[in-house]
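Here's the structure, in structure tokens; my notes come after.
The values are calculated or read from the model by the stated rules, or taken from the named source; none is laboratory data. Small disclaimer: the values here were computed from a predicted structure and weren't measured. All Cβ positions, even for glycine, are placed from backbone atoms using ideal geometry, and neighbour counts span all protein chains on display.
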Amino acid sequence: MIKILGDKKRITPPFIIWGVIFLVMFFSPSRGFTGWAWAADEEKSAEIIICPETRTGEIESPLNAYYLARAYDKGYCGIKSDKGTAIDWYARAAEQGHMLAQYQLGEIYFTGEGLESSDYPKAKQWYLGSALQGYGPAQLRLAFLYAEAHFKGLTPDYAEAEKWFLKAAEQNAGDAQFRLGNFYHNYKTPPDIEKAILWLTRAAEGGHRVAMFDLARLLKDRKESGLALDWMKKSADQDFLPAQMALSEMYAAGDGAPYDPTQSLIWTLKVAMHPMIPTYWLLKAGDIFFDGWDTIPKDYLQATQFYKRAADKDDPHALTQLGRIYLEGLGTPINKEKALGYLKKAAGQKDKEAMEILAHVAP
């Protein structure tokens with residue numbers, strides 16, 4: 001993963017890309033926590049509110065108990081929200097075999113909401129009851145519990161995890177197809193790449209942008225570069241940051257894509273526009289504009305904008321480059337005072353280039 005800048009090379013530290021992948025996949029603000037254990041990335045639809053019957057003869061039926069639980073849980077139907085009472089009614093319905101109540105009770109024990117703490121064995125018990133009745137989201141949650149090792153009181157069982165992921169995936173519950181593909185790639189021993197590609201393809205065809213990215217990586221490893229590039233572009237077009245980062249590097253190195261500095265710059269700029277992006281990408285964009293690259297001309301004004309964003313994070317390279325820009329009047333009037341301010345900040349971080357420039361500049 002190399003971008004050539006004249007006679008320079010800027011290498012992307014792998015931890016930067018994978019660190020961003022982790023943040024996007026596991027802590028994305030728009031999707032909640034999306035690791036193996038939680039948030040199956042299910043589509044959320046508006047719930048149809050059915051108010052519970054309050055007549056004595058009807059109140060104890062499992063269906064009505066479930067409606068009462070929902071009302072107390074969410075504050076529906078003029079009933080004040082009360083989590084403890086909601087749990088009681090979910091339990092009454094669940095104990096009578098109500099599939100959705102069993103699932104909701106599993107969710108409560110999993111998250112610990114309204115309880116002192118999570119209780120994973122109880123969550124598993126209620127998910128299982130719902131899953132056995134064919135409820136896809138419960139099957140998916142149950143698979144998570146079998147797949148991971150960090151749930152207190154539970155032991156991983158990959159055979160059971162595979163079974164329940166498969167059942168959930170066959171009815172396309174939540175993002176089960178993506179999770180199953182991921183399971184075959186990362187959890188199955190040895191990995192089953194063919195099945196991973198099969199299920200990731202189904203998820204990708206359904207619009208799952210992370211599945212598109214993972215599928216592209218697997219296809220690239222198999223030297224199916226054309227198809228891999230297509231899926232990487234589709235993921236990137238859905239604003240999936242790791243895919244955009246990958247395309248920037250692929251076009252820069254001619255690895256899995258034609259060598260194309262312009263395309264690399266396009267994707268670099270898309271990445272650099274993200275507000276929380278690592279400084280590396282701001283520096284990469286700034287360096288391209290500062291040095292020029294093949295047919296891409298130098299543009300000091302653009303370089304200045306990216307360096308300033310990196311300098312706001314006290315990056316020494318950005319500070320030094322800004323010092324050079326103002327000292328030499330590159331795309332802007334010479335401003336020695338600004339130049340010295342930036343260079344001194346960089347030198348304070350032991351930046352060798354800044355210290356060398358300061359040694360030759362009169363105060």
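Sort out which residues of region 104-144 are under 19 Å from Asn186 (Cβ atoms), touching a residue at least 60 places away in the same chain (Cβ under 8 Å) and out of contact with any Gly (no Cβ under 8 Å at 6 or more places or on another chain), and write them in order of number.
Residue satisfying the conditions is Phe144 alone.
Would you tally the residues in region 274-295 being closer than 21 Å to Asp314 by Cβ and out of contact with any strand residue (DSSP E or B) (no Cβ under 9 Å at 6 or more places or on another chain)?
Residues flagged as closer than 21 Å to Asp314 by Cβ and out of contact with any strand residue (DSSP E or B) (no Cβ under 9 Å at 6 or more places or on another chain) within region 274-295 amount to 10.
Does Lys124 count as basic (Lys, Arg) and farther than 24 Å from Lys152 by Cα?
no
Does Leu198 satisfy being under 23 Å from Glu162 (Cα atoms), surrounded by fewer than 19 Cβ atoms within 10 Å (Cβ to Cβ) and either of a type in the set (A, V, I, L, M) or in the same structural domain as Ala159 (by TED's automatic domain parsing) (or both)?
Here the answer is yes, as Leu198 does meet what is asked.
Scanning region 63-90 for residues that are of a type outside the set (Ser, Thr, Tyr) and within 20 Å of Gly136 (Cα to Cα), which turns out farthest from the chain's Cα centre (by Cα)?
Leu63
Which of the following residues is part of a loop (DSSP other than H, G, I, E, B), assigned by TED's automatic domain parsing to the domain that holds Leu132, without any contact (Cβ under 8 Å) to a residue 40 or more places away in the chain and within 21 Å of Gly134 (Cβ to Cβ): Gly97, Gly78?
Gly97
Here is a check on your reading of the model: is Leu132 under 20 Å from Leu100 (Cβ atoms) and buried (at least 16 other Cβ atoms within 10 Å of the Cβ)?
It is false that Leu132 is under 20 Å from Leu100 (Cβ atoms) and buried (at least 16 other Cβ atoms within 10 Å of the Cβ).
What number of residues in region 253-269 are part of a helix (DSSP H, G or I) and surrounded by 18 or more Cβ atoms within 10 Å (Cβ to Cβ)?
Final tally of qualifying residues: 6.
Can you tell me which residues in region 270-303 are among the basic types (Lys, Arg) and surrounded by 23 or more Cβ atoms within 10 Å (Cβ to Cβ)?
Matches in region 270-303: Lys284 only.
Can you list the helices (runs of 4 or more DSSP H) found entirely within region 116-197 that contain at least 1 residues being within 22 Å of Leu215 (Cβ to Cβ)?
The qualifying helices (runs of 4 or more DSSP H) are 136-147, 158-170, 176-186.
What number of residues within region 304-330 are crowded, with 16+ Cβ neighbours inside 10 Å, more than 34 Å from the chain's Cα centre (by Cα) and part of a loop (DSSP other than H, G, I, E, B)?
1
Scanning for something within 26 Å of the chain's Cα centre (by Cα) and under 22 Å from Leu68 (Cα atoms), does region 140-161 turn up at least one residue?
For region 140-161, residues within 26 Å of the chain's Cα centre (by Cα) and under 22 Å from Leu68 (Cα atoms): absent.
Scan region 273-292 and give yes if some residue there is at pLDDT 95 or above, in contact with a Leu (Cβ under 9 Å, 6 or more places away or on another chain), aliphatic (A, V, I, L, M) and over 30 Å from Pro333 (Cβ atoms), otherwise no.
Among the residues of region 273-292, not one is at pLDDT 95 or above, in contact with a Leu (Cβ under 9 Å, 6 or more places away or on another chain), aliphatic (A, V, I, L, M) and over 30 Å from Pro333 (Cβ atoms), which makes the answer no.
Search region 146-163 for residues that are touching a residue at least 60 places away in the same chain (Cβ under 8 Å) and pair each with any residue that is part of a loop (DSSP other than H, G, I, E, B) and surrounded by 13 or more Cβ atoms within 10 Å (Cβ to Cβ) when their beta-carbon atoms are under 8 Å apart and the residues are at least 6 apart or on different chains.
Ala147/Trp36; Ala147/Pro156; Ala147/Tyr187; Glu148/Trp36; Glu148/Ala37; Glu148/Pro156; His150/Ala37; Phe151/Ala37
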